[in-house]
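S.K.: I'd like to ask you about the structure that follows.
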Protein chains: 2
Amino acid sequence: MMVHKTLLEAAQSCDKFPYAFKSTEEMPVPFEHNGALIGHILPSVLCVLKEYNHQNTPSPFVISSGRVTFASWADTFEKRTEVMRVLADHWRKQKTFPVLTGWRNELYPVYGHKEIAFVMERAATPLFGISTFGVHLNAYVVNDDGEIYMWIARRAKTKQTWPGLLDNCVAGGITYQYKIKDTIIKECDEEASIPYELASKARSTNAVTYYTSTPNGLQPETQYIFDLELPKDFVPTPRDGEVDCFYFWPLEKVKETILNGEWKINSAIVMIDFMLRHSFITPDEDPDYIQISYHLHRKLQFPTPIIKT
Amino acid sequence: MMVHKTLLEAAQSCDKFPYAFKSTEEMPVPFEHNGALIGHILPSVLCVLKEYNHQNTPSPFVISSGRVTFASWADTFEKRTEVMRVLADHWRKQKTFPVLTGWRNELYPVYGHKEIAFVMERAATPLFGISTFGVHLNAYVVNDDGEIYMWIARRAKTKQTWPGLLDNCVAGGITYQYKIKDTIIKECDEEASIPYELASKARSTNAVTYYTSTPNGLQPETQYIFDLELPKDFVPTPRDGEVDCFYFWPLEKVKETILNGEWKINSAIVMIDFMLRHSFITPDEDPDYIQISYHLHRKLQFPTPIIKT
């Protein structure tokens, strides 16, 4: 656990992909499709990818020093999806990357310019620095004094990622062909037993964007944020085994545990955004207010989702 | 008036300073102090500044092709403030730049690394691309159906800037040595006759940052945003002559007038932020949701305020 002196430090510990690199050797290589930047590949992954590419005929990728693209034969959504499926499956069986032990059987869309370039297994996205999209729910109660109490999840110790750490009440990735609001409603049921009648009252508030890196790889992420004020007598209950238990804490306790490093780091960033929006952190009191805001809203260079309205 | 097809277009019409320039000739020149970027100077202003610099002994600035800094003799806060005061005053008397006819007699702090480099007249800041800081208030009422109605200002036709356009209920710049919350309370009184007891309930929600350019110059700006839910029977009243009248509109009407180009453009951006935060614009419905978010939260390269807590 990493202790932070300030909330800015906590935000920086998540949004930590550099804005600039000192040497080109450290720089991840762009993964491009039809002129769009769709990912970043770390030198360590690129090395293994080159080897794989040589061993397969026809080679699925064109790898130059400056970038990686699909080979020209991989010219449809289906073919690119198949290339990525076979590759991820191969690395999973070979146990090449620890991150693939967290296999999800969840397909994520990868967006190009005005098209979905392909879909791929969620667990493999950090290897390619794919920009992914999720939802987070702030579930809270306002008591009679106007004070906010949050419902906070303790992640199960058996979770592949961030076991035992604190988390937002409900969160999840947006799987291929799911709508955003439908995803939050589904996750409300699965993770916290919040019924449809309540979950559908969740209100979108903004998007939080950051670019994190972990031992698993690169994760440029966008979280659509929802607030849900729950009735005072409602108690969320874990359902799918991903959550150990829920706590009911005032924001002061949330802040304290963030500074103590007890949170999954991207969920801490979502909580910091909530504390800003609800005036618990104010610009006269936190000298890092604007810098924190930048880390909550990093401009990612990747294409954004195609939303069918 | 510029009509916009989408809210993204409206946001882009404000946050329009380029992220990159095609040729170095178009690029504004950095204005630096002690290694900190404190502003940007357009080629047209630089030309006049060079002339002024030659005519004065000792020259107040060092102007190279790549940047502008103060001359080494201008080595204190007071001396730099005096250099900028004399310069702005000269240009004002000479009628060199139309923007200076809007003289405010308001001093803005200019931040360097961990210091206030100097203070200068507000009206002159766009000539140097100085990063400025203000407050905006969203004053609204929630009716019995849960629908939000906003109090919207019509700017006086006599205002120097953006006469006759629509605006947030209350807004203002943060003058040297004012606190942020104190500024919003002061402006509430001056612009809308909102008494202290109500104004002090305004809640900070976030910061909106953008980099706009107008015929007056370059304006990288940060607005601290406050929401204030007003009692149903309270009616704001213009006091200081800056506001013509107030309207009481549902968000649908606010959106329509933004798309019609009837708003002061940076106030439109603040309204778009409000509509996001209050779930009037949702990510399933607006395909530009994330791109809009980037324009509301642009990372500016300038130092941020020194807040004494």
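The values are calculated or read from the model by the stated rules, or taken from the named source; none is laboratory data. Predicted, not measured: the structure shown is a model, and the values here were computed from it. Methodologically, a virtual Cβ is constructed for each residue, glycine included, from the backbone with ideal geometry; neighbour enumeration extends over all protein chains shown. Remember, those area values only see protein heavy atoms, side chains included, never the ligands or the DNA or RNA. Shrake-Rupley method; radii C 1.70, N 1.55, O 1.52, S 1.80 Å.
S.K.: Using a label point 7 Å beyond Cα on the Cα-Cβ vector, give me the inter-copy distances for A:GLU252 in nanometres, one decimal, shortest first.
M.R.: So the label point of A:GLU252 gives 4.5 nm to the other copies.
S.K.: For chain A, with a Gaussian network of springs between Cα atoms less than 10 Å apart, report the residue from A:LEU137, A:LEU165, A:LEU198 with the top mean-square fluctuation.
M.R.: Looking only at A:LEU137, A:LEU165, A:LEU198, the largest GNM fluctuation is found for A:LEU198.
S.K.: Can you tell me what share of the DSSP beta bridges in chain A is antiparallel? A percent to the nearest 5 is fine.
M.R.: 80
S.K.: Going through region B:110-210, which GluC sites (Glu not before Pro) have at most 12 other Cβ atoms within 10 Å and a DSSP loop state?
M.R.: B:GLU147
S.K.: Which of these, A:GLY39, A:GLY134, A:GLY241, has the largest mean-square fluctuation under a Gaussian network model of chain A (Cα springs below 10 Å)?
M.R.: A:GLY241
S.K.: Could you pull out the GluC sites (Glu not before Pro) across region A:24-79 that fall in loop regions by DSSP (anything but H, G, I, E, B) with no more than 14 other Cβ atoms inside 10 Å?
M.R.: Here the GluC sites (Glu not before Pro) that fit, given the DSSP loop and packing criteria, are A:GLU25, A:GLU26.
S.K.: Then there's this: Efficiency by 1/(1 + (r/R0)^6): what FRET value for A:LYS201 and A:ASN143, r their Cβ-Cβ distance, R0 = 25 Å, to the nearest 0.05?
M.R.: 0.85
S.K.: Kirkwood hydrodynamic radius, the protein assembly as shown, all distinct C-alpha pairs: what's the number in Å?
M.R.: Across the protein assembly as shown, the inverse of the average 1/r is 26.3 Å.
S.K.: Something else: I'd like the FRET efficiency for A:LEU107 and B:ALA20, computed as 1/(1 + (r/R0)^6) with the beta carbon distance as r and R0 of 41 Å, rounded to 0.05.
M.R.: Efficiency at R0 = 41 Å is approximately 0.75.
S.K.: For region A:85-101, just list the computed ³J(HN,Hα) in residue order, Karplus coefficients 6.51, -1.76 and 1.60, θ = phi - 60°, integers in Hz, with x standing in for Gly and Pro.
M.R.: 5, 5, 4, 5, 5, 4, 5, 5, 5, 6, 6, 5, 10, x, 4, 7, 5
S.K.: Sorted from shortest, what are the nm distances separating the label point of A:VAL141 from equivalent points in the other copies, each placed 7 Å from Cα along Cα to C-beta?
M.R.: So the label point of A:VAL141 gives 3.3 nm to the other copies.
S.K.: Follow-up question, since we're still on this one. Go ahead and run the numbers for FRET between B:SER72 and A:GLU256, Cβ-Cβ distance against an R0 of 45 Å, rounding to 0.05.
M.R.: Calculated value: 0.40.
S.K.: Find, among the trypsin sites (Lys or Arg not before Pro) in region B:89-145, those assigned to loop by DSSP (not H, G, I, E, B) with at most 10 other beta-carbon atoms within 10 angstrom.
M.R.: Filter output for region B:89-145: B:LYS95, B:LYS114.
S.K.: Ok, one more. Taking H placed 1.01 Å from N in the peptide plane, check which residues at least 5 places from B:PHE70 or on another chain put their amide H under 5 Å from its amide H.
M.R.: Residues meeting the amide H criterion: B:VAL62.
S.K.: Take the alpha carbon atoms of region B:270-309, find their center, do the same for region A:48-126, and report the distance between the two centers in whole angstrom.
M.R.: 34
S.K.: Shortest first and in nm to one decimal, what separations exist between B:LYS5 and its copies in the other chains, measuring from label points 7 Å along the Cα-to-beta-carbon line?
M.R.: Here the equivalent label points are 5.0 nm apart from this one.
S.K.: Partner chain Cβ atoms within 10 Å, averaged over the residues of B:177-188 - can you pull that number for me?
M.R.: Per residue, the average neighbour count from other chains is 1.
S.K.: Could you work out the pair-distance distribution P(r) of chain A from its alpha-carbon pairs, with 10 angstrom bin width and percents rounded to whole numbers?
M.R.: Computed distribution, short to long bins: 6, 26, 33, 23, 10, 2, 0.
S.K.: Right, another one. Just read off the accessible area of B:MET27 with the full protein assembly in place, 1.4 Å probe, to the nearest 10 Å².
M.R.: Surface accessible to solvent at B:MET27 totals approximately 80 Å².
S.K.: Also: Roughly speaking, what is the stretch gain from B:ASP240 to B:GLU51, that is 0.36 nm per residue apart minus the C-alpha to C-alpha distance, in nm to one decimal?
M.R.: Gain in length upon complete extension: 64.1 nm.
S.K.: At 222 nm, what helix-only mean residue ellipticity would chain A give, in deg cm²/dmol to the nearest 500, using -39500 (n - 2.57) for each DSSP H run of four or more?
M.R.: -8500 deg cm²/dmol
S.K.: Can you give the mean number of other chain Cβ atoms that lie within 10 Å of the Cβ atoms in peptide B:269-276?
M.R.: 1
S.K.: Follow-up. State the answer as a single residue: which of B:ALA10, B:VAL83, A:PRO220 lies farthest towards the positive end of the charge dipole of the protein assembly as shown, with beta carbon charges of +1 for Lys and Arg and -1 for Asp and Glu, about the Cα centre.
M.R.: Result: B:VAL83.
S.K.: I'd like the interface area for chains B and A: accessible area of each alone minus the complex, both sides summed, 1.4 Å probe, protein heavy atoms only. What is it in Å² to the nearest 100?
M.R.: Chain pair B/A: roughly 3300 Å² of buried accessible area.
S.K.: Here is a follow-up. Rounded to the nearest 10 Å², what accessible area does B:SER204 have for a 1.4 Å probe in the complete protein model?
M.R.: My reading of the accessible area for B:SER204 is about 0 Å².
S.K.: How would B:ASP286, B:ASP144 rank on accessible area, largest to smallest, probe 1.4 Å?
M.R.: Result, largest first: B:ASP144, B:ASP286.
S.K.: How much accessible area does B:VAL48 have with a 1.4 Å probe, in Å² rounded to the nearest 10?
M.R.: Looks like 40 Å² after rounding.
S.K.: Then there's this: Rule-of-thumb check for region B:1-143: C-alpha Rg over 2.2 N^0.38 Å?
M.R.: 1.21
S.K.: Moving on. Near A:ILE63, within a Cβ-to-Cβ distance under 12 Å, what is the net charge of the other residues, with Lys and Arg +1 and Asp and Glu -1?
M.R.: For residues surrounding A:ILE63, the net value is 0.
S.K.: Tell me the carbon and sulfur percent of the accessible area for the protein assembly as shown, rounded to whole percent, probe radius 1.4 Å.
M.R.: That share works out to 51 percent.
S.K.: When ligands, DNA and RNA are left out and all protein chains stay put, how many square angstrom of accessible area per residue does chain A have with a 1.4 Å probe?
M.R.: Accessible area per residue, chain A: 44 Å².
S.K.: Where along chain B is the Cβ that lies nearest the axis linking it to chain A, and how many Å separate them?
M.R.: B:HIS297, 2
S.K.: Could you identify which residue out of B:ILE290, B:ILE180, B:ILE281 has the top mean-square fluctuation in a GNM of chain B using Cα springs shorter than 10 Å?
M.R.: B:ILE290
S.K.: Here is a further query. Whole-Hz ³J(HN,Hα) for each residue in region A:9-24, computed from phi via Karplus 6.51 cos²θ - 1.76 cosθ + 1.60 with θ = phi - 60°, x for glycine and proline: what do you get?
M.R.: 4, 4, 5, 5, 6, 9, 7, 10, 4, x, 7, 8, 10, 6, 10, 5
S.K.: Quick one: putting +1 on the C-beta of Lys and Arg, -1 on the C-beta of Asp and Glu, what dipole do you get for the protein assembly as shown around its Cα centre, in Debye to the nearest 20?
M.R.: Charge dipole of the protein assembly as shown: 1620 debye, to the nearest 20.
S.K.: What does the charge dipole of chain B about its Cα centre add up to, to the nearest 20 debye, if the Cβ of each Lys and Arg holds +1 and the Cβ of each Asp and Glu holds -1?
M.R.: So the dipole magnitude of chain B works out to roughly 1080 debye.
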